[in-house]
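Working notes for the structure below.
Here, each number is a calculation from the coordinates, and none is a lab measurement. The structure displayed is predicted, hence computed values, not measured ones. Neighbour counts run over all protein chains shown; Cβ positions are idealised from the backbone, glycine included.
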Amino acid sequence: LVSSFVNRARQLQLRQNYRKLIDETQLNKEELVKPDSNGLMENIAKAHQLFKDVNETRGAALDSKFMTLAVTLGAQKTNLLQTDLVAFQPDEFIAKLVTCMGGTVSEDKDEIDIPENGWNVLGQKTATYFTSLTPALHPLLGAFEAIETGKTNRQATQRNKQKETSTKVQLPKELTNYKDDKKEATPEEIERVLHIINTFYKDDPASPIDYFELVVNPESYGHTIENIFHLAFLVKDGLVKIFLNENGLPVVEPVNVRPDDISPRKKVQVIVSLSMDEWYAIIDAYQLKDSLIKILF
């Protein structure tokens, strides 16, 4: 019983020491995060010493709380450290440069004395670090006079022709009859697909049109995607419906709409995806040789 009482008193004192250490760390955190301060490491050492006597959950929780605070302060302390140990100092660089040229700098750094051949000395020392040839500068006092030779005249004529060609404004070709050009006409294509569906369905109204035989063009993956796109518009507008037949395959069937029917049709959102590998697989499975929907030019 006495041993249990002593242990309880010891753990109570331990928790009080932990709380005191946490309060001191929290109170002095601005001082502890300074780069030249060792207070944070000292507090961590105290916590390690206290942790040796921890043998219950409450003491471990206080130790965890302190370590969380210490880690946070340690991160702040790291951000304040100056990592640019080697920084460029302009004054020091100038002093070394003048010394290299055989010059002198006054004590107050207001006067610099460089001998006449100082820059030549600097040039000779730095030239060894450049392996490539340094281009020489030759200033001109006026323009060169053209030499009257046949070759020069031909070159001048060619330059003049190139200049005249470059100055001509390149105008785009004017489009006079856009109907004769090949173009994408989405509404017209949708109506054409609907007409094809109605035509095939009238020939055999008892059998819906196979979806893949309708949209897949075995000669063009891009045209297949366009057919799927146009058919999706027809389904969305309620002019065509797609459903699964008794074999579980998608089929297409037109929706009969009376001319006097003005009631709004239910619109359905259709999302279809078809990869090129799937396109090849469908062509092989159906043994497709031609497309029901031809490409119009």
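Structure data summary
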| read-out | value |
| --- | --- |
| Enumeration of residues in region 189-204 that are in contact with a helix residue (DSSP H, G or I) (Cβ under 7 Å, 6 or more places away or on another chain) and of a type in the set (Asp, Glu) | Glu189 |
| When residues of region 34-54 are limited to those that are polar (S, T, N, Q) and surrounded by fewer than 11 Cβ atoms within 10 Å (Cβ to Cβ), the one farthest from Leu81 (Cα to Cα) | Gln49 |
| Residues located in region 19-36, provided they are touching a residue at least 40 places away in the same chain (Cβ under 8 Å), more than 14 Å from Met67 (Cα to Cα) and not hydrophobic (A, V, I, L, M, F, W, C) | Lys34, Pro35 |
